[in-house]
Each structure stands twice: as C-alpha cells, then as structure tokens.
Amino acid sequence: MAKKNALTAEQREELLGTLKIRFEENIQRHDWMQWDEIQKKLETQPDKLWSLHEMERTGGEPDVLEFDETTSNYVFYDCSPESPSGRRSICYDQKALDARKKNKPDNNALSMATAMGIELLSEDQYRVLQKHGSFDLKTSSWVLTPKEIRDLGGALFCDFRYGQVFLYHNGADSYYGARGFRGFLRV
C-alpha cells in the first residue's frame, strides 16, 4: 500500500535532478553551500521531498536560499519569477473563504500551504528573497499577516516594483488572478 504524501522512486529522482540543476544554475544564491550535503539531508526526509514536489508541481521553482546554523536546516524558498501559477486566485485563509457569500475562490493561501507542508513567507523573508533576484514584477504574493491585522479583516501582500519591495493590505477575502503566495520549507 502506498504511503500518503510519498513520492514514487521515479518522482523522487526527477525532483532531485530538477533541484540539483536549479541549484547549479543559480549558484550565486548559495555559493557557500554544497549540493551533495543538501541531497543527503533530503534523502533522509521523504516528507520534505514530498513538500518540495508540491512546491514544484504548483509552479514555485523551489531553491535553497538560507542555511540556519542554529538548527542546521537548509531553507528552500519559492523562486519562480512570478507568484506560483498553481497558487493564484485564492484568498488569504479559511476564515476569509468562509466569509465570502458569492464568487468564492477555490482555496486559500494558509490552507494550501498547510496541505503542502510549507509555510507562507513573512514580509522579512520576502525581502530576503528579493536580494536574490527580482521576483513578482507582474504578480503579488500573500505574506504571513500579523494577528492584529487579520483580526480586523485584513491581510498583507507584497510585490516588487520600481526597484522596491512594496507591502500592501487588502481584505483577507479578496482574490485576484495575479495574486498567489510564496512559501518556504526547512530541511
């Protein structure tokens, strides 16, 4: 019987190959890291490989941007040029989705991230991402919203325009074809 959230051997090899190529093609993002060490860690954590597969499947193009020395974790971010295409046209969270009476989107960012085994980027993490390129030049991405803002019905999103990261607010129940979310995964 197949384990839920498990990759086949073929999917695993294809994903590791894709991640390795992306790692090598974007070495400037992590020139102090070694792919072999990252792959060894990935091979011992099939649940993390499944989450990376979900990031890839939904258009996130995950790549390693950080190494957390306190936990010895590599941190993968969604590095697709625009907000991942398979995660757009969604509102912020389940509460916002439930509150919509008409024209509900199919899903919400927080529930999708949880189902994928990843977390939404914070504003600070979004700014870290932008140090590694120019992302979201045409789209925007929901970011983790402080409880105080969410309790008032709002949610935050970011984009990159005019050489700057912009942080905005919107009703948490809003959704747009050009807004999705970016996530991260600690391995």
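Compute the angle between helix 46-57 and the longest alpha-carbon principal axis of the chain, please, reported from 0 to 90 degrees and rounded to the nearest 10. So the helix axis and the longest Cα principal axis differ by about 60 degrees. Taking label points 7 Å from Cα along the Cα-to-Cβ direction, I27 and S134 give a separation of 2.5 nm. Overall form of the range 118-187: oblate. Here a/c, set by the Cα gyration tensor axes a ≥ b ≥ c, is 1.5 or more, and a/b is not larger than b/c.
Can you tell me how the range 43-84 classifies by the Cα gyration tensor, rounded, prolate or oblate, using a/c under 1.5 as the rounded cut?
Values: a/c = 3.77, a/b = 1.37, b/c = 2.76.
In terms of gyration-tensor shape, oblate.
From its DSSP helices (H runs of at least four residues, each -39,500 (n - 2.57)), the chain gives a residue-normalised ellipticity at 222 nm of -10000 deg cm²/dmol.
Calculation over all alpha carbon pairs of the chain in 5 angstrom steps from 0 returns a P(r) of 1, 8, 17, 20, 19, 15, 10, 6, 3, 0, 0 percent.
For the range 1-96, the Kirkwood hydrodynamic radius comes to 14.5 Å, computed from all pairs of different C-alpha atoms.
The chymotrypsin sites (Phe, Trp or Tyr not before Pro) of the range 8-65 that meet both conditions, a loop assignment by DSSP and at most 15 other Cβ atoms within 10 Å of the site Cβ, are W32.
Using Cα pairs under 8 angstrom and six or more residues apart, how large is the relative contact order of the range 95-168, in percent? Display every interim value, and only then the final one.
Details: 69 pairs, mean separation 17.0, N = 74.
Relative contact order comes out at 23 percent.
Each part reduced to its alpha carbon centroid, the range 82-148 and the range 1-39 end up 24 Å apart.
Give me the angle, in degrees from 0 to 90, between the Cα long axis of helix 9-25 and the longest principal axis of the Cα atoms of the chain, rounded to the nearest 10. The two axes meet at around 80 degrees.
If you take the beta carbon distance between T18 and S85 as r and set R0 to 25 Å, what does 1/(1 + (r/R0)^6) give as a FRET efficiency, to the nearest 0.05?
Working: r = 16 Å, r/R0 = 0.65.
That pair, T18 with S85, gives E of 0.95.
Values in this text are rule-based calculations from the coordinates and carry no lab data. This is a predicted model, so every value here is computed, not measured. Neighbour counts are summed over all protein chains in view; Cβ atoms, including those assigned to glycine, are modelled from backbone coordinates with ideal geometry.
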